[in-house]
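Reading through the structure tokens given below for one structure.
The values are calculated or read from the model by the stated rules, or taken from the named source; none is laboratory data. Please read these numbers as outputs of a predicted model, since none were measured by experiment. No Cβ is skipped: glycine too gets one built from the backbone with ideal geometry, and neighbour counts run over all protein chains shown. Accessible surface is based on the protein model in full, side chains and every heavy atom, while ligands, DNA and RNA are left aside. Shrake-Rupley method; radii C 1.70, N 1.55, O 1.52, S 1.80 Å.
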Amino acid sequence: MSELDFIGSLGIGTLVAAARTVTQRKGVFVLFGAKPDVMTALIRTSVPAIIPTRATWAEARALAAAPTGP
């Protein structure tokens, strides 16, 4: 995400579809490193309610590696 200056509805839809697929396969999908304008677009479209977002790779990796329960 750190290289994106803009994200439109097609990009957001692609991220949501990818996250849904990963989650259905019992994986973890986390976005990280979004620039302020991209993060604003994600927030306005409620993406963080669907896909976890973190500021750094280390934070995203820690979330992805965290135990999810039984």
With every protein chain kept in place and ligands, DNA and RNA left out, what is the accessible area per residue of the chain? Probe 1.4 Å, answer in Å². 71 Å²
So how strong a dipole does the chain carry about its Cα centre when Lys and Arg Cβ are +1 and Asp and Glu Cβ are -1, to the nearest 20 debye? 300 debye
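How much of the accessible area of the chain, probe 1.4 Å, is carbon plus sulfur, in whole percent? Don't jump to the answer; show the numbers that get you there.
On the way: 3010 of 5000 Å².
Answer for the chain is 60 percent, counting heavy atoms of protein chains only.
When only C-alpha pairs under 8 Å and at least 6 residues apart count, what is the relative contact order of the chain, in percent?
Values: 61 pairs, mean separation 25.6, N = 70.
Contact order relative to length: 37 percent.
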³J(HN,Hα) across segment 2-8 via Karplus (A = 6.51, B = -1.76, C = 1.60, θ = phi - 60°), whole Hz, x for Gly/Pro? 5, 9, 7, 9, 8, 9, x
For residue 59 and residue 24, compute 0.36 nm times the residue count separating them, minus their Cα-Cα distance, and round to one decimal in nm. 10.4 nm
Around residue 38, under 14 Å between beta carbons, what's the net of Lys plus Arg minus Asp minus Glu among the other residues? 0
